Amino acid sequence: MSGRLFGSPMFLGFDHLEQMLERASKGTGDGYPPYNIEQIAPNGLRITLAVAGFRMEDLQITQEDNQLVVRGRQMEDGEERVYLHRGIASRQFQKAFVLAEGIEIGGAWLDNGLLHIDLFRPQPEVRVKQIEIMQGGQKRAAESAPLKNRAPPRMLHPVTDVSRS
């Protein structure tokens, strides 16, 4: 065994999944800022981060490949303040969430010190493709035919978009 999670020859094309799992396991163990993840619909999630003291201009949300990255950096006020006790930290943070293939960002908003980010997964189209099996002699003829002259693949069931009706 090679030590790889998807090392079996039966798992083809899962290299990106292994890379995502590796990226997620390298995430920082820092619990700041605290966050919740809730399911708001069968195909919808909401991430809520507690970002008290941060303004909208102090926060940045980006999607980098299959990673949602939330960054926060508070700008120091120009005023010189003298603290007798400073218990509220104004530190910067970066929180990254690995997204599954096809997850889309629905929107984000800041409300009472909570940053909400909605995610959803559109329903995939069900595709069934029948692969034609040819005789050994027909294979060579099919390979030599130009791609544009080949017939398009036949579907067992036509794909219809029921979500638009």
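Points to keep in mind about this one:
- LYS129, LYS95, reordered so the largest accessible area comes first (probe 1.4 Å): LYS129, LYS95
- In a DSSP loop and with at most 12 other Cβ atoms within 10 Å, the chymotrypsin sites (Phe, Trp or Tyr not before Pro) in region 31-108 are TYR83.
The values are calculated or read from the model by the stated rules, or taken from the named source; none is laboratory data. Computed from a prediction, not measured in an experiment: that's the story for all the values here. Here the Cβ is made from the backbone with ideal geometry for all residues, glycine too, and neighbour counts use every protein chain on show. Side chains included, ligands, DNA and RNA excluded: accessible areas come from the protein's heavy atoms. Shrake-Rupley method; radii C 1.70, N 1.55, O 1.52, S 1.80 Å.
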